[in-house]
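Derivation of every value follows stated rules applied to the coordinates shown; laboratory data play no part. Just so it is clear, the model here is predicted, and its values are computed rather than measured. A quick note on method: Cβ atoms are made from the backbone with ideal geometry, for glycine too, and the neighbour counts reach across all protein chains shown.
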Amino acid sequence: MSKENKSETPTNKQNKRSEANKRTEKTAEKRSKRRERKQNKKYVRRLIPVWLKLLIVIVLSLFALMIGLIIGFSILGDGQPLDVLRLETWKHIIDFVRVEK
């Protein structure tokens, strides 16, 4: 076999090496850019922590529920607005629901 018939000629080997070198240079550049971005990043402190946001949502939801109960009981039910917050009222409502036959 002559050198011309072989698939791996010296110029092909050099081309493959130069392509491999270009790829490694590109990955090295990407890595260095990532490092620079990480170093240049500033940590942003949250104004309101996650646990406090969750607590605020729960408290506001309970407040909205109470306001809805008061409005519903006083306007639709023709009762005193704050009676809905009493335990006796809820016992009376539960007695209606659990009617024994």
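Quick one: what does P(r) look like for the range 27-66 with 10 Å bins over all Cα pairs, in whole %?
24, 22, 18, 17, 13, 6, 0
Ranked highest first by average number of other Cβ atoms within 10 Å, how do 32-38, 70-76 line up? Let's see the in-between values first.
On the way: 32-38: 9.6, 70-76: 13.3.
The peptides rank, most packed first, as 70-76, 32-38.
Run through every distinct alpha carbon pair of the chain and return the Kirkwood hydrodynamic radius in angstroms, one decimal place.
Numbers: mean 1/r = 0.0456 Å⁻¹.
Over the chain, the inverse of the mean reciprocal pair distance is 22.0 Å.
Compute the whole-percent fraction of alpha carbon pairs in the range 50-97 spaced more than 14 Å apart. Write down the numbers at each step before the final one.
On the way: 682 of 1128 pairs.
That tail contains 60 percent of the Cα-Cα pairs.
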